[in-house]
Amino acid sequence: MALEWQRTLLRCCISKSAIARHAASQRSTGHFQWPSNIGRQRYSTNSLQKERPVFITTPIFYANAEPHIGHLYSAVLADTFKRWHDFKGHQTVLSTGTDEHGQKIQEAALKAKKDTKEFCDSVSAKFRVLFDKAGISYTDYLRTTDVRHKTAVQTMWKSLAEAGYIYKGYHQGWYSVSDEVFCSPSHVEEIKCSDGTTAMVSKETGSRLIWMKEENYKFRLSSLRTQLLSWLQENPECIIPQTRYNEILTMVAVRSEEQLADISISRVRSRVTWGIPVPDDDKHVIYVWLDALVNYLTVLGYPWKNSAALRDAWPAQCHVIGKDILKFHAIYWPAFLIAAGLKPPKRIVAHAHWLMKKHKMSKSRGNVVDPNKLLDDHGVDLVRYWLMRDGGISEDADYSERTIHMRFKKDLAAQLGNLVMRCTAPKINPGMIVPMAHNELTEADQHLLAQLEQLPALVESKFTSYDVSHALAATFDMISSANKYWDAQKPWTLVASPNVDHQLRLQTILYVTLETVRITALLLQPVMPRKMAELLDAIGVDAEARSWRNAKVGGRFYGAQAREVKLGIQTPLFPMR
């Protein structure tokens, strides 16, 4: 019966209402594969109202210099996670911003011969411009010089003090101005300088150290070993990748005497004036890392006295950070939170760094990449795709223009762009109509559709483990399979045939291929939002039909009335350069 209906459709013009009636009738025949009911409850209005917001963060970036490619990578990675949760139908919060207090900022402003606040305004604006250009969909851009942040930080201080975790004492040791941290003796080494003198440096970062002794307030980090160890052992996936989880676990479980020594959380105002005052003691300013870390609470309205709208978003779903600030986020931050009676974050993704020919990027080497120029030269979506495909979570990644060009030509133009142009060309589809249902399936059709049916769950599993690179690899494997399928089916040989069976076969090939384009485009939205919006517009996918529930074979009209869909006029999605 279904086959006969489709024969009739090819012989005569039928109305949109007839197409809709047919689509409804096909639900029971198995020819039009609608998505399952799994997850339908999740998208109900009541369900969404009860769901806690998903909170994703970038680190706040230190406003002592212009943004670099590492900053862009952190922001795009966090934005991709946030957009994935948007795609899944969740309410999301994404925060970013700039860290603007401390001795290093004070000295950078002095060197630039600018007022400190004016200096911070200038640098912070550059980060915001970059993130807007890169399509970072942040919901809050926080600056630690904001009044609301001062309130949050001083409230946190009072909570720690009232709980007995703060005491006054003296601290002395080797201090890194650039890292804003005292170094333990085992992390200090003496080096010979080019002028014959010697200097003390941090083994971890290579930064110069100065000996410092001063009166300050200290935090009883040593008293929280048991709680930190319990958090780590009960949440073995709280730090990604596993190697960095193991690193922190070793610090807490084995090397706690050194790594969990009480820490200084203030600086005397006579040395550092640019910071938030310690409550009830204006001779001290709050340590820059305690100040900075509280930003994650500030954006949610902490201390939640006047506005608790986002309180349920804590604990954070994921802090995205660079591996160089792992200890601050995986030891100090959970300790501050536990001491204040708050839960630690659910996940910390500590990504690796970007190198240039295996060397760390630095102005002195002349190998620094300007992220704004990178976006201008290659386009936003290509850069986002390359960063997510080739950036390193576990291992450092090496910057290469050649790799960027390879990703453009091999993946975006030759695979995705080529597949789109093939199945939307007027020569192949003269009516420029998206086939509504398929006919009898061949083994090749079944094989490709089976792979396509499995793809969303595979991509979801990779996103769940914060492995965007392999999620993209799986998606482009699917696109490659579709191109091979197209070559094998040779639809161009069927176009001019008057044979009805040939025309039905052509419609099935187009259906299978366009479903592949539609579903892969949906799954690629978190990484390439602008290009995928352009593609989904072109193949007639409604704005409200671009979520996770639609990412199933036959799911274009999930929960809506099926109708005839016209293809737009096609231009190359990724034109060759």
**Request:** Would you mind getting the accessible area per residue of the chain, heavy atoms of the protein chains only, 1.4 Å probe, in Å²?
**Result:** 44 Å²
**Prompt:** Could you give the length gained on full extension between Lys117 and Thr243, defined as 0.36 nm per residue of separation minus the Cα-Cα distance, in nm?
**Reply:** 41.4 nm
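Checking the a/c ratio against 1.5 first, then a/b against b/c, what shape does the Cα gyration tensor give for the chain?
Details: a/c = 2.73, a/b = 2.13, b/c = 1.29.
Judged from the Cα gyration tensor, the chain comes out prolate (a/c at least 1.5, a/b above b/c).
Grab the DSSP H runs of the chain that are 4 residues or longer, score each as -39,500 (n - 2.57), total them, divide by all residues and round the 222 nm result to the nearest 500 deg cm²/dmol. Show your work: numbers first, answer last.
Working: 21 runs with 242 residues, N = 577.
Value at 222 nm, helices only, nearest 500: -13000 deg cm²/dmol.
Tell me the carbon and sulfur percent of the accessible area for the stretch 221-274, rounded to whole percent, probe radius 1.4 Å.
On the way: 1280 of 2610 Å².
Here it works out to 49 percent.
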**Asked** Could you give the length gained on full extension between Ala161 and Met432, defined as 0.36 nm per residue of separation minus the Cα-Cα distance, in nm?
**Response** 90.6 nm
**Prompt:** Label point 7 Å out from Ala473 along Cα-to-Cβ: which residues of the stretch 412-435 have amide N under 17 Å?
**Reply:** 412
**Request:** Report in % the part of the accessible area of the stretch 486-561 that belongs to carbon and sulfur, leaving out ligands and nucleic acids; probe 1.4 Å.
**Result:** 53 percent
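Return the percentage of antiparallel bridges among DSSP beta bridges fully within the chain, rounded to the nearest 5 %.
Values: 29 of 50 bridges.
Around 60 percent of the beta bridges assigned by DSSP in the chain are antiparallel ones.
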**Message:** Compute the angle between helix 380-390 and the longest alpha-carbon principal axis of the chain, please, reported from 0 to 90 degrees and rounded to the nearest 10.
**Reply:** 70 degrees
**Prompt:** What is the P(r) of the stretch 301-355, as percent of Cα-Cα pairs per 5 Å bin from 0?
**Reply:** 5, 17, 23, 22, 15, 10, 5, 2, 1, 0
**Prompt:** Tilt of helix 116-133 relative to the longest C-alpha principal axis of the chain, in degrees (0 to 90, nearest 10)?
**Reply:** 20 degrees
**Prompt:** So what's the angle, to the nearest 10 degrees on a 0 to 90 scale, between helix 242-253 and the longest Cα principal axis of the chain?
**Reply:** 30 degrees
**Prompt:** Can you pull the percent of Cα pairs in the stretch 484-577 with separation above 19 Å?
**Reply:** 49 percent
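Using packing as a proxy for protection, rank 126-132, 488-494, 328-334 so that the peptide with the highest average count of other Cβ atoms within 10 Å comes first. Numbers along the way, then the final one.
Values: 126-132: 18.1, 488-494: 14.4, 328-334: 22.9.
Result, highest mean first: 328-334, 126-132, 488-494.
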**Message:** Run the numbers for Thr464 and Gln570: contour at 0.36 nm per residue of separation, minus the present Cα-Cα distance, in nm.
**Reply:** 34.7 nm
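The values are calculated or read from the model by the stated rules, or taken from the named source; none is laboratory data. Just so it is clear, the structure is predicted and the values come from calculations on it, not from any experiment. Every residue, glycine among them, receives a Cβ derived from its backbone with ideal geometry; neighbour counts consider all protein chains shown. For accessibility, only protein heavy atoms count, side chains too; no ligands or nucleic acids. Shrake-Rupley method; radii C 1.70, N 1.55, O 1.52, S 1.80 Å.
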